[in-house]
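I have placed the structure first, in the form of structure tokens, so that the comments after it can refer back to it.
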Amino acid sequence: MDTTQLSWDEKQHTLNVTLAGRLDSLKAPEIAKKLFDVLEGRNNTTVIVDAEKLGYISSAGLRVLLDLKKRCGDMKIINVSLDIYDILTMTGFTKFINVERRIRKIRRPAQGELISRDSDSSLYRSTNDLAVRLFDPEINLDEVQKRLKLSKIATSHGIPTPIVFEIVSCEDCYGIIFENTHGKTLAQIWDERPDGMQEETRMLAELMKSLHSTVIDKDELPDFGQRMIDDLNACTVLEDVQKQNLCRLVGSLHPAGTFVYGNLRLSNVMVMDDRLMLLDLTRCGWGNPVLDLQAAISNMFADGHGLFWKRFFARYTHDLEKEKQDILEKVLDPRIRPWWKSEPQTKTAYKE
């Protein structure tokens, strides 16, 4: 049986390769000839190798992939099984070739397993050790891969968030498998005892101040200020003058270059073993802490947690200089939201 199918996409200047069965010493020479005949005379070609049906690869097969990488401009291997992925990792191929593991299919969790719901995803308990965040159908695979990368980068900087494992598919949507967290969200605790959250308020204020002092390289995470400006420009409920004034204010803030969570709301923070875990880092980036606080105040008042915000903000700012407190209160006071109702601040207005 022929184990290779080739198709040339002239518009994208891409060679699509489908491998199946065994890629061993018997098949490798024949497959190599087919591949390199197609690539003859074509420079800077992109090659996408679909390995979903590949069951075995030998050293001769690895040599074909290595030679293919040398002859093309860009190369990606997709739908790789766990066994093949382990071989590619062990031999170092994943260090210089973009290799994507096969996306595992899972059943939809029961509604009773729901932990929290966000604007475009739902977090469910999957097993005793794992949880899954399922994204809405309009969130495509590329976007989910970006969010997986964000979580891994945040983890590498010591941001307290569940460890991520893999992307999965579920019916008409994609999801990410996480370390399961055994605890309650701050939203659940607020529903139970809104007048008794002094310790949780202190813990969250200290955590956010720590995050806002974590320096992030500009190449690692998105520019949160630019993301906020893009969201404003795409907003359909604001008048042009309102957008312009608000974008001007966002742009006037000093970049700072520290970690910005971007999605602080009580349903996204869990108390686990006397520490806090951030459940959703899909909007994290680098920027000015003021932008993070503005996103937080909008989320909390929209969720009906305005009283918690006031307590949190008082704790967050209690050791700040009076000048900085006044600036933050002016920019973030809910009575003057949206921001275009206040005068823009200068770049020196708030800088840690």
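The values are calculated or read from the model by the stated rules, or taken from the named source; none is laboratory data. Everything numeric in this text was worked out from a predicted model, so none of it was measured. Glycine gets a Cβ as well: all are built from the backbone with ideal geometry, and neighbour counts include every protein chain shown.
Okay, here's what the table says:
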| item | result |
| --- | --- |
| Those residues of segment 236-251 which are surrounded by 16 or more Cβ atoms within 10 Å (Cβ to Cβ) and closer than 30 Å to Asp219 by Cβ, in sequence order | Lys243, Leu246, Cys247, Leu249, Val250 |
| Elements of type helices (runs of 4 or more DSSP H) contained in segment 5-124, each with 3 or more residues being assigned by TED's automatic domain parsing to the domain that holds Leu278 and charged (D, E, K, R) | none |
| Odd one out for Thr236 among (1) part of a helix (DSSP H, G or I); (2) more than 22 Å from the chain's Cα centre (by Cα) | (1) |
| Any hit, segment 259-270, residues being surrounded by 16 or more Cβ atoms within 10 Å (Cβ to Cβ), over 22 Å from Arg117 (Cα atoms) and not hydrophobic (A, V, I, L, M, F, W, C) | no |
| Subset of segment 108-117 [surrounded by fewer than 19 Cβ atoms within 10 Å (Cβ to Cβ) and either within 30 Å of Val49 (Cβ to Cβ) or touching a residue at least 60 places away in the same chain (Cβ under 8 Å) (or both)] | Arg108, Arg117 |
| Single condition Asp50 does not satisfy, out of (1) crowded, with 17+ Cβ neighbours inside 10 Å; (2) over 30 Å from Leu134 (Cα atoms); (3) of a type in the set (D, E, K, R) | (2) |
| Positions within segment 232-259 being within 30 Å of Thr155 (Cα to Cα) and free of Cβ contacts under 8 Å to residues at least 40 places away in the same chain, in sequence order | Leu232, Gly251, Pro255 |
| Residues of segment 163-213 satisfying the condition of being surrounded by 15 or more Cβ atoms within 10 Å (Cβ to Cβ), of a type in the set (S, T, N, Q) and under 29 Å from Gly257 (Cα atoms) | Thr185, Thr201 |
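Conditions (1) aromatic (Phe, Trp, Tyr); (2) within 25 Å of Ile84 (Cβ to Cβ); (3) touching a residue at least 60 places away in the same chain (Cβ under 8 Å), marked per residue:
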| position | (1), (2), (3) |
| --- | --- |
| Ile106 | no, yes, yes |
| Tyr124 | yes, no, no |
| Asp136 | no, no, no |
| Lys149 | no, yes, no |
| His157 | no, no, yes |
| Asp172 | no, no, no |
| Trp190 | yes, no, yes |
